[in-house]
Every structure is written in structure tokens, then in C-alpha cells.
Amino acid sequence: ASCWLGDSRDPDLLTFNFEPFKDRTVEEVETAIREEIARLQKDGLEENELQKVKNQYQATAIYRLDSPVWFAVWAAENHLFYGDWKAGYAYLDRLNKVTPKDIQAVLAKYLIEDNEVKVTLKRKEAAR
């Protein structure tokens, strides 16, 4: 399973992608994801879990700046999405200010079934 939130000047979608193991169903994985979201909405996120995410993002940002090509990509993305090639630096500052309570509030406000758009792709059964 993976989760993705794209960069955009406009509101965007938080996307969950998964492919169940052969012995599991789509419904079982959906239920597990919903249970984890409900747990986070109720109990919140541990500070060390949030710090791990922050560290991973910062490490990725630093590694991208190590190469002139990746720096150019980073600067172009920032200009495209935020109107300023230096916006990524401010993003790191904003990211460092996020708290577990902030995450809990966002989950409670936005990750609800009324906001959900669900797409399920299934393979056709092989002709016998």
C-alpha cells in the first residue's frame, strides 16, 4: 500500500493505492486502512512517528539538492506549483511546525467517507 498527495496550486487529492495479496480481498484492505485512519483520528499520531516523516522528507530534499539536475527540477517544481523557486525552503519550515494535533484535526476534517472518491480496478478473469 502507498499514499500520495501531489503538489499543486489548487486543492488536490490524497490518494491511497494498494494491491491485495492473492489471499486477501480489496474489501479487507479497505477495512484495514479505514481502521487505521479511525485510530489516528481518535488517538492521534505519536510524536516520534511524525518526526520520522519529517526526517524522511528533509533527507529527500537534501539529497535532491546534491545534484545540479535535481536542484533544477526542484526549483522548477517550486516555481510551477507555488510561484517561487525558493518556496521549498519555506515548505520545510512549515513542515517542521506541524504537530500530531494538527494531523489529527486534518484527518477528522477531511478523511471522512463523504469526501471519498473510490475507484477499484479489477482484472478480467482469464477465458477458459
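Rank K124, K109, K97 by accessible area, highest first, at a 1.4 Å probe radius?
Of K124, K109, K97, the descending order of accessible area is K124, K97, K109.
Report, in debye and to the nearest 20, how large the dipole of the chain comes out about its Cα centre when Lys and Arg carry +1 and Asp and Glu carry -1 on their Cβ.
On the way: 19 positive and 23 negative charges, 50 e Å.
Using Cβ point charges on Lys, Arg, Asp and Glu, the chain gives about 240 debye.
Which one, (1) 1.06; (2) 1.31; (3) 1.42, gives Cα Rg over 2.2 N^0.38 Å as derived from the coordinates shown?
Step by step, Cα Rg over 2.2 N^0.38 Å for this structure corresponds to label (2).
Of all the accessible heavy-atom surface of the stretch 75-128, with the other protein chains kept in place and a 1.4 Å probe, what percent is carbon and sulfur? Show your work: numbers first, answer last.
Numbers: 2660 of 4760 Å².
Exposed carbon and sulfur together represent 56 percent of the surface.
Place +1 on the Cβ of every Lys and Arg and -1 on the Cβ of every Asp and Glu in the chain, take the dipole about the Cα centre, and give the residue among Y110, Q56, F21 whose Cα lies farthest towards its positive end.
Ranked along the dipole, the leading option is F21.
Positive end of the dipole of the chain, charges at C-beta (+1 Lys, Arg; -1 Asp, Glu), about the Cα centre: which of F71, P100, A87 has its Cα farthest in that direction?
The one lying farthest along the dipole's positive direction is F71.
Contact order normalised by length for the chain, with contacts defined as Cα pairs under 8 Å and 6 or more residues apart; what percent is it?
Normalised by residue count, the contact order of the chain is 23 percent.
Between W70 and T31, how high is the FRET efficiency from 1/(1 + (r/R0)^6) when r is the Cβ-Cβ distance and R₀ = 30 Å? Nearest 0.05.
For W70 and T31, the calculated efficiency is 0.20.
Keeping every protein chain present and rolling a 1.4 Å probe, give me the accessible area per residue for the stretch 31-88 in Å².
Numbers: 4100 Å² over 58 residues.
It amounts to 71 Å² per residue over the stretch 31-88.
The values are calculated or read from the model by the stated rules, or taken from the named source; none is laboratory data. Please read all numbers here as calculations on a predicted model, not as lab measurements. Cβ atoms come from the backbone with ideal geometry, glycine included; neighbour counts cover every protein chain shown. With ligands, DNA and RNA removed, areas are computed over all heavy atoms of the protein, side chains included. Shrake-Rupley method; radii C 1.70, N 1.55, O 1.52, S 1.80 Å.
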